[in-house]
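Just below is one structure, and these are the notes that go with it.
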Amino acid sequence: MADIKDKYEAVIGLEVHAQLLTKSKLFSGDSISFGAEPNTQISAITLAHPGTLPRLNKKAVELAVKLGLSCNCKINEYNAFARKHYLYPDLPKGYQVTQHMHPICTGGFVPVRLHGEEKSIPIHHIHMEEDAGKSIHDLDEDYSYLDYNRAGTPLVEIVTEPAMHSAEEAYQFLTELRRLVRWIEVCDGNMEEGSLRCDANVSIRLKGETQLGTKVEVKNLNSIRNVKRAIEYEIERLIELKETDQPIIQQTRSFEASSETTFAIREKEEAKDYRYLTEPDIPPFFIEEEYVNGIKKALPLTPLETEKILQAEYALTSYDAAQIAADKPTADYFFSVTSFTQNYKAIVNWINGPLKKWGNEELISVEKIISPVSLAELIDLVAADKVNFSLASSKIFPELVKDRNKTALEVAEELNLLQTNNTNELDEWTDLVINKMPDKVQEYKKGKKGLLGLFVGEVKKISKGKADPAAVTTLLQKKLES
Amino acid sequence: MNGHTTCVEAVHYFLQQIEQDKHLNAWVETFADEALSLALTLDNSFKTSGKLNGSLHGVVVGIKDVISYKGHHLSAASKILKGYKSIYSATVVERLLAEGAIIIGRQNCDEFAMGSSNENSAYGPVLNPVDNKKVPGGSSGGSAAAVKADQCMISLGSDTGGSVRQPADFCGVTGFKPSYGRISRYGLIAYASSFDQIGIIGNNTEDIATLYSVISGPDEYDNTLIPKKDILHEVKKPLKIGYFRQAIEHPSLDREIKQSFLDFIDELKKQGYLVECLDFELFNYVVPCYYVLTTAEAASNLSRFDGIRYGSSDKKNITDLSSLYAINRSKGFGQEVKRRIMMGNFVLSAGYYDAYYTKAQRVRQLLKKKTIEFFDNVECIISPTVPSPAFDLNEKLRDPIEIFLADLYTVYPNLTGLPAISLPFFTHSNTLPFGLQLMCSPANDVNLLLFADELMNLQTNRKN
């Protein structure tokens, strides 16, 4: 099968719906907060009562421009909405209002890392549209339930070119896109709650061919990993069909997570006629250059740009840079700490170690645990060999979290944790250990040099960590070799 | 109102008028108790403070059954909205109430404002008060008949292609459709959104202007309103007035109406006005273009009526989703509404889209361009309002095409967004009234109302 697969090239395009982080709906003042009781965020406008009209939410336009700029798109001056008609009970007006012909952004690309190299995934366009409500069919045998809270929620649809060639590539693109939308705060990126949704268009062709093969569209992909699995499955399935001379039919398929397979839900012949109509209730609007420039100026660096800076200017490894730039608050926190200490690697270790652990246990985000200056002081204390890392993280750090007014040094002194190079004390502790373990001393002398660590450890224990391990090692060696 | 009548007396008077001419069927429902109690409040407030409660203190208004009034039934004269009560008030209703107006009831009309005779109503036809064998026009037939029969001081109708002006013409009253975007449509049941305007039917232009100044202007709930201020623009005297050659030469124009119109033009010239005959080559495209675009928008706007969230639903016979739509919509909508939904879906469907919808949109653009040229040359344009006077009830029910022609002169302002008014100028030898339509350039509503007043005075003096 591996050789057969090599004959083919997969072509993948994604359609990603992202729910915009506005307070209210695209065309009404209703709230869009997640998890509200069913049908509590529904005004006359959302329910499409007779005589209601849409009011365009300007914040949604702003967020769409922000996303477009971050994806290197052209922001189109002329914008218009259209009505896309289909009848379904969770669609209150009987049509969805969407930017059918005049999307807010066209072109652009998102750079992603693929097998250690950077590749740009081209974007076809990004348009704004409203979401439908939710139909719930499994609560009752005879009735379906409708929740209109989601109806009218502002979405952007990001449509890529059919330019990806593996499930891994699609996976990396989505991962990067999710990080980006969170980074610039246009979408919370939560696929489980449906604020980020993805449909995949997959086709195959013989390598070297330029024409696209017949595509299938896979829906119902509620995690990035499932997107990858579904595409992998589809590629295999399409190759299998081709190899066995079976026809590939243009259809819409749904992914079933439990079996990791897809099944057909609609054929092309059943494709709907949406009878698009220019939305007469929202006049075309123009996005001016000045407005776009204002948004551009306030945009942060993208996560990938941040990673590059972390590597070039802070000498982080690509792995560390990716960890720090996993989300914007962490990266911002890192940069804040760098104003107080130049010990960059140590900042990374602290963030990835004690801070993340604390954050996970206490359900608090990393940047909110201790102030940048406190962390810098603690890092510098360890760097100056005044306390060891283990005591700093297990004893001093929790104290600093509890009492934000204390400095790291004050806590170390209070808890009597400052390391000592005092020879008298070291002499006393090492003698104590040597006398306590005559057998081990004999073994060491016979050549089992590995036992040195054990003695150092014992001294650490007795000194409650105050003994400087380097000094202890030298002293022990001297005493044991004599 | 002069100081001699109380609001309560006024409301009683109109309720009595409504009761007396009940057979006209102009009203779907009166809000008698509520109107009387509001009238009493207004009277008491006036007694204690000596002040009027706003610029419309005690003005008794009727509203067409397509305008939302919170807590009140609203049906668009359709079975599909049987039992439905508005959960909010239209912007115009809020503005009326805020200025002390009294809404006395909702008025009969063609279903979803589709029709020119008021015969397409779930509540039955409205009769013309001038001659009960005749239709009152439509779709705001109830609103025009009510004003003519002295059943309210003034009415709010809606006008998508003549629905205020044409019944005003048939009933012999004044009907004003403002420029597109002058009056908020929030709360008006949509027929064709890019054509619809709330219009006013009254006894004279002065009453209409007063009401208009209250209900027009910006509203955050309607994104299609004109930002440009509604002010009087200075005009060169003598006034230059245009009329369309193609309108006057149209074969469906009644001979007597034509003659009266031409006589009036002579009079205008005598009075020193400059009158110019304009060539309007696109005239014959106006009605087809109107019907392609309005039915397309209507099909879209009426998609929401499915009986799920509100309105009537035949729960007994529904078995699955497609039967829900089929049963509720087949039973709920009347014939003319169904005809227009089908036409609209046809012109929007794949394969026909470009031939009809796209082409009609292009014609509309051309019309708008041409209109700018017309108004570079003249200050206003006149025409008959309707090519023939009111016809008999049931006379044209079977011929929708002929009924469409009743809109020959009135759809043009809706296609291009112009303000237009029908003035009760003439009387036919068959005793029926008919009107003169006056149009101005878009957003020139104040000028239009002033010209209207000027021409009305001229015509009155001429008759005397």
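What FRET efficiency comes out for residue A:138 versus residue A:336 if R0 is 56 angstrom and r is the Cβ-Cβ distance? Round to the nearest 0.05.
On the way: r = 48 Å, r/R0 = 0.86.
E between residue A:138 and residue A:336, to the nearest 0.05, is 0.70.
Here is the link list: B:82/B:316; B:177/B:368; B:236/B:463. Which ones come out longer than 20 Å on Cα distance?
Values: B:82/B:316 17 Å; B:177/B:368 17 Å; B:236/B:463 27 Å.
Cα-Cα > 20 Å for B:236/B:463; rest within.
Over 24 Å between C-alpha atoms is what I'm after, so list which of B:237/B:270; A:215/B:359; A:368/A:460 land there. Could the numbers behind the result be given before it?
Working: B:237/B:270 15 Å; A:215/B:359 33 Å; A:368/A:460 32 Å.
Distance filter (> 24 Å) returns A:215/B:359; A:368/A:460.
So which of A:449/A:479; B:51/B:148; A:25/A:328 end up more than 22 Å apart by C-alpha? Please report the intermediate quantities before stating the final value.
Working: A:449/A:479 13 Å; B:51/B:148 30 Å; A:25/A:328 26 Å.
In this structure, B:51/B:148; A:25/A:328 lie more than 22 Å apart at Cα.
Between the DSSP loop rule and a limit of at most 16 other Cβ atoms within 10 Å, which trypsin sites (Lys or Arg not before Pro) in the stretch B:290-393 are left? It would help to have the intermediate numbers written out before the result.
Details: sites: B:304, B:309, B:315, B:316, B:329, B:331, B:338, B:339, B:340, B:359, B:362, B:364, B:368, B:369, B:370; in loops: B:309, B:315, B:316.
In loop regions of the stretch B:290-393 (DSSP not H, G, I, E or B), the sparsely surrounded trypsin sites (Lys or Arg not before Pro) are B:315, B:316.
With each pseudo-label sitting 7 Å past Cα toward Cβ, what's the residue B:85-residue A:261 distance in nm, one decimal?
Going by the 7 Å Cα→Cβ label model, 5.5 nm.
Indicate, rounded to the nearest 5 percent, the antiparallel portion of the DSSP beta bridges found entirely in chain B.
65 percent
Given DSSP loops and a limit of at most 16 other Cβ atoms within 10 Å, what is the longest stretch of chain B that contains no such GluC sites (Glu not before Pro)?
Numbers: sites that count: B:220, B:234, B:249, B:395.
Of all site-free stretches, the longest is B:1-219.
Taking Cα centroids, how far is the stretch B:88-137 from the stretch A:354-405 in Å?
75 Å
State the extension gain, in nm to one decimal, for the chain segment bounded by residue A:448 and residue A:31, taking 0.36 nm per residue of separation less the distance between their alpha-carbons.
Values: separation 417, 0.36 × 417 = 150.12 nm, distance 7.11 nm.
Additional length available on full extension: 143.0 nm.
Could you please rank B:456, A:101, A:128, placing first whichever residue has the fewest other Cβ atoms within 10 Å of its Cβ?
Values: B:456 20, A:101 12, A:128 24.
By the 10 Å Cβ count, ascending: A:101, B:456, A:128.
With +1 on the Cβ of every Lys and Arg and -1 on the Cβ of every Asp and Glu, and nothing else charged, how large is the dipole of the protein assembly as shown about its Cα centre, in debye rounded to the nearest 20?
On the way: 105 positive and 125 negative charges, 77 e Å.
Computed about the Cα centre, the dipole is about 380 debye.
Would you mind telling me the antiparallel percentage of the DSSP bridges in the stretch B:7-215, rounded to 5? Working shown, then result.
Values: 13 of 21 bridges.
Taking every DSSP beta bridge within the stretch B:7-215, about 60 percent pair in antiparallel fashion.
How many angstrom lie between the Cα centre of the stretch B:411-464 and the Cα centre of the stretch A:138-154?
Here the answer is 52 Å between Cα centres.
When a footprinting reagent is the concern and you count Cβ atoms within 10 Å, what order do A:332, A:468, B:279, A:138 take, fewest first?
Working: A:332 15, A:468 21, B:279 11, A:138 7.
Lowest count first: A:138, B:279, A:332, A:468.
For residue A:23, which lysines qualify as cross-link partners when the Cα separation must be under 20 Å and same-chain residues fewer than eight apart are set aside?
A:58, A:59, A:66, A:134
Calculate the dipole size of the stretch B:229-317 relative to its Cα centre from +1 charges on Lys and Arg beta carbons and -1 charges on Asp and Glu beta carbons; express the result in debye to the nearest 20. The partial results should precede the final answer.
Numbers: 13 positive and 14 negative charges, 81 e Å.
Magnitude of the dipole: close to 380 debye.
Sort A:482, A:336, A:33 so that the residue with the fewest other Cβ atoms within 10 Å of its own Cβ comes first and the one with the most comes last. Walk me through the numbers on the way to the answer.
Values: A:482 5, A:336 16, A:33 10.
Lowest to highest Cβ neighbour count: A:482, A:33, A:336.
Quick note: the coordinates plus some simple rules give every number you see, no bench work behind them. Remember, predicted model here, so these are calculated numbers, not experimental data. Because the Cβ atoms are built from the backbone with ideal geometry, glycine has one as well, and the counts that use them run over all protein chains shown.
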